[in-house]
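**Student:** Take this structure, written in structure tokens, and hold onto it; I'll ask about it next.
Derivation of every value follows stated rules applied to the coordinates shown; laboratory data play no part. In this text, all values refer to a predicted model and were calculated from it rather than measured experimentally. Here the Cβ positions follow ideal geometry from the backbone for every residue, glycine too, while neighbour counts run over all protein chains shown.
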Amino acid sequence: MPTKSQISRKGHVQIKKTPGKRYNRHFIKFRSSVARCAVCGKPLGGVRNYDNYRFKKLSKSKKRPNRYYGGYLCIQCLRNKLAAAVQQME
């Protein structure tokens, strides 16, 4: 029996042929999109791409890199931001 979320129009359905020559519907799980940098939009390194259920079960250290703006900015944008802050201090 399909769940409520599988009945939605967004649900991905794949038709499979069984050994008994019948066709069944197989519901494909939703895939989450890749985490992207907030400034440049490039995919972030060190951030896992799991569905929400599996991502929720991970520990905090496995969800994102352990640095400033980890999981929010890519390393190039972070370097530019820190360099601008240092120049502003001088």
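**Student:** I'd like the projected area of segment 42-90, averaged over all directions, using the convex hull of its alpha carbons. Report it in nm² with one decimal. Can you show the working numbers first?
**Tutor:** Numbers: hull surface 15.5 nm².
The Cα convex hull of segment 42-90, projected and averaged over all directions, gives 3.9 nm².
**Student:** At 222 nm, what value in deg cm²/dmol follows for the chain if DSSP H runs of at least 4 each add -39500 (n - 2.57) and the sum is divided by all its residues, to the nearest 500? Spell out each step's value before the answer.
**Tutor:** Values: 4 runs with 29 residues, N = 90.
Value at 222 nm, helices only: -8000 deg cm²/dmol.
**Student:** Between VAL86 and SER33, what FRET efficiency comes out of the Förster formula 1/(1 + (r/R0)^6) with R0 = 22 Å and r the beta carbon distance, rounded to 0.05? Intermediate values should be presented prior to the final figure.
**Tutor:** Details: r = 34 Å, r/R0 = 1.52.
The formula returns an efficiency of 0.05 here.
**Student:** Let me have the relative contact order for the chain, percent, based on Cα pairs under 8 Å that are six or more residues apart.
**Tutor:** On the way: 88 pairs, mean separation 17.2, N = 90.
Contact order relative to length: 19 percent.
**Student:** Also, I was wondering about something else. Using a 10 Å cut-off on Cβ atoms, rank the peptides 42-48, 57-63 from the highest mean neighbour count down. Intermediate results must be reported in sequence, preceding the final value.
**Tutor:** Values: 42-48: 14.4, 57-63: 10.1.
Descending packing order for the listed peptides: 42-48, 57-63.
**Student:** Please give the helix 75-89 orientation as an angle from the longest Cα principal axis of the chain, in degrees from 0 to 90, rounded to the nearest 10.
**Tutor:** That works out to roughly 30 degrees.
**Student:** State the extension gain, in nm to one decimal, for the chain segment bounded by ARG54 and GLN14, taking 0.36 nm per residue of separation less the distance between their alpha-carbons. Display every interim value, and only then the final one.
**Tutor:** Details: separation 40, 0.36 × 40 = 14.40 nm, distance 2.26 nm.
Stretched fully, the ARG54-GLN14 segment lengthens by 12.1 nm.
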